């Protein structure tokens, strides 16, 4: 780990927290313990070897731990949990001052599905199994179709038809869904103008609006002049 060579606590904290990818790892672990493969989904551009090395460094610094040993989930320690408010404040600043039109490299399907899966509310449909089928009209054939199976308070994401009847059929583009998820557009707005086209009965359509999850920072408004 590179250091600033200073005893100042700001420098000591920054050399750990400001390492590339560290805030994103803390961001994902803030939601609870995760296995290595799950952490990979949250940082798709990070190589497995670099992720493994960074986790080892964070363990050595007492920020991350693996109580069950090798092969078990990672989780934040008390010191790691103390970093979560910093991540939230960093994200809040980003919501206020960095939001703009999405650039091509930022429209990441894998990251969206990962974030979206973690933010939906499976209980919105009640106790019965309900399937939300999502078709991303701007994506290639192999990445266009997604099934979200909601049952027993949990959601499973399938890239192949699970064989259950579809209850809610949704069509949209990936950029529009990302904008809704991060709070640039309201779900009601894009449903009304057809950018998110939802086919379901009245009751299920209403439940879908409660099921659809957004970023925990979606409520933070932009202060950019543009």
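All of the numbers you see were taken from the coordinates with simple rules; none came from a lab. Values in this document were obtained by computation on a predicted structure and should not be read as measured data. Note: ideal-geometry Cβ built from the backbone for every residue, glycine included; neighbour counts use all protein chains shown.
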(request) Mind sorting out which of [x] 1.00; [y] 0.96; [z] 1.49 is the real Rg/Rh (Cα atoms, Kirkwood Rh) computed from the coordinates? (result) [x]
(request) Taking every pair of Cα atoms in the range 18-72, average 1/r, invert it to obtain the Kirkwood radius, and report Rg/Rh to two decimals. (result) 0.90
(message) Given contacts defined as C-alpha pairs under 8 Å and at least six residues apart, what's the relative contact order of the chain, whole-number percent?
(response) 17 percent
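Among 182, 118, which comes first, second and so on when ranked by fewest other beta-carbon atoms within 10 Å?
118, 182
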(message) How tilted is helix 202-211 with respect to the longest principal axis of the chain? Cα atoms for both, answer in degrees (0 to 90, nearest 10).
(response) 10 degrees
(request) Based on the mean of other Cβ atoms within 10 Å per residue, sort peptides 22-30, 127-135 so the most packed one is first. (result) 22-30, 127-135
(message) If neighbour count is taken as other Cβ atoms inside 10 Å, put 8, 158 in order from fewest to most.
(response) 8, 158
(message) Explain nothing, just the number: relative contact order of the range 9-97, from Cα pairs under 8 Å at least 6 residues apart, as a whole percent.
(response) 30 percent
(request) Take every Cα pair under 8 Å in the range 104-211 that's 6+ residues apart, average their separations, divide by the length, and report that relative contact order as a whole percent. (result) 28 percent
